[in-house]
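Working notes for the structure below.
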């Protein structure tokens, strides 16, 4: 039999994980990547002797088993957060107070209600009958709960930083699903958090090296996708720079904001163009700023916006993650930091990044049922699948979700070919 042609759009962690699983099963794949290197939103950069992460930074070894497994396979070393991360300050209207270790939430009325609600649906699925009532804004959800109002403010501030959007813009269901995956609110607030020593990008480049050494994969850099269509017996990908590539199977390992901006042509049927148009973009609008510091400072979050500040591992540079459209000077002031333009050494606006058009995915209200439809299409029609941390129903937005999504999609595709 002729070996099927398999095309993967995107050489981020999800696309690479799918390619690795397929190549291990004896398939040959071609990956198209718009940038000049692999990694996607796991992008590390060496700067003045420090490693800064433009994208994904953290993983939780007690919960992110596939990240741990892949790191062990390539001999990558976990890195504990620096001492400056042991204390977090909540900055409110020019004042700051210590958040502590979230002990006040343990057994509280607020915690009981959140744990009850997060246990009412399957966190491995985007959508279920029990999930519908929670697809409201995180702000509206907190407003309807009983409990200490001060704890609500603290929790809202923390979730601003994790979602990259204000409480009025992201879905409570997305938050509750993540709490459920951790095993409860207390576990989510106190989970052990690590980085990868030397930079997160090492994981993607290690997979790339293995793929190329096996000779089972080809990566074409500088290949930007313009549109996707289907002919009688194959999928057709048109590139921005011209040319059409055909394949028997297609894995779309692109960020949601990129995928929904492509042209989805009529040959795919009615479902795909309609879904992509209705999905639109997600709620996260994060930008990262790095600046020089004289000494490490303790972590801090703003109660007013989705801003957070911390010191990177070497202690030489600080980082502010703030809304893309926000003024850095204002956000730094809200975080009780003195940051001026002369101290900025680098920044990255994910919204303006053409290869991502946004940072990690945070579902808007009304978006999760549509993501569920996309996921079901991937299961029912495995020759065309959406892959990545943005599309994964489990650990959406994390490296774990990207790896899991890529591996699971590859297994579905292998099974579909074995049945043919």
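Some points to look at:
- Of the residues contained in segment 143-158, none is found to be surrounded by 21 or more Cβ atoms within 10 Å (Cβ to Cβ), touching a helix residue (DSSP H, G or I) at 6+ places or on another chain (Cβ under 6 Å), under 28 Å from residue 57 (Cα atoms) and modelled with pLDDT under 95.
- Hits in segment 161-177 - residues which are touching a helix residue (DSSP H, G or I) at 6+ places or on another chain (Cβ under 9 Å), in contact (Cβ under 8 Å) with a residue 60 or more places away in the chain and in a helix (DSSP H, G or I): 163, 173, 174, 176, 177
- Residue count, segment 264-290 (criterion: at positive phi and loosely packed, with under 14 Cβ neighbours inside 10 Å): 1
- Only one entry of 248, 229 meets the criterion of being touching a helix residue (DSSP H, G or I) at 6+ places or on another chain (Cβ under 6 Å) and touching a residue at least 24 places away in the same chain (Cβ under 8 Å), and that entry is 229.
- Breaking point among (1) crowded, with 16+ Cβ neighbours inside 10 Å; (2) over 19 Å from residue 185 (Cα atoms); (3) touching a helix residue (DSSP H, G or I) at 6+ places or on another chain (Cβ under 7 Å); (4) not assigned by TED's automatic domain parsing to the domain that holds residue 158, for residue 63: (2)
- Residue match in segment 274-291 (condition: farther than 25 Å from residue 134 by Cα, touching a residue at least 24 places away in the same chain (Cβ under 8 Å), touching a helix residue (DSSP H, G or I) at 6+ places or on another chain (Cβ under 9 Å) and assigned to a loop (DSSP other than H, G, I, E, B)): no
- So residue 339, is it part of a strand (DSSP E or B) and either modelled with pLDDT under 95 or in the same structural domain as residue 172 (by TED's automatic domain parsing) (or both): no
- In segment 345-369, residue surrounded by the most Cβ atoms within 10 Å (Cβ to Cβ) [restricted to those that are in a helix (DSSP H, G or I) and over 13 Å from the mean Cα position of the chain (by Cα)]: 368
Residue-by-condition table, conditions (1) in a strand (DSSP E or B); (2) in contact with a strand residue (DSSP E or B) (Cβ under 8 Å, 6 or more places away or on another chain); (3) at pLDDT 95 or above:
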| position | (1), (2), (3) |
| --- | --- |
| 4 | no, yes, no |
| 7 | yes, yes, yes |
| 18 | no, yes, yes |
| 32 | yes, yes, yes |
| 45 | yes, yes, no |
| 57 | no, yes, no |
| 66 | no, no, yes |
| 71 | no, yes, yes |
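- Here 331, 325, 342, 312 are screened, and the one residue that is under 21 Å from the mean Cα position of the chain (by Cα) and either farther than 23 Å from residue 81 by Cα or loosely packed, with under 15 Cβ neighbours inside 10 Å (or both) is 325.
The values are calculated or read from the model by the stated rules, or taken from the named source; none is laboratory data. These numbers come from a predicted model, not from an experiment. FYI the Cβ positions are ideal-geometry reconstructions off the backbone, even for glycines, and counts take in every protein chain you see.
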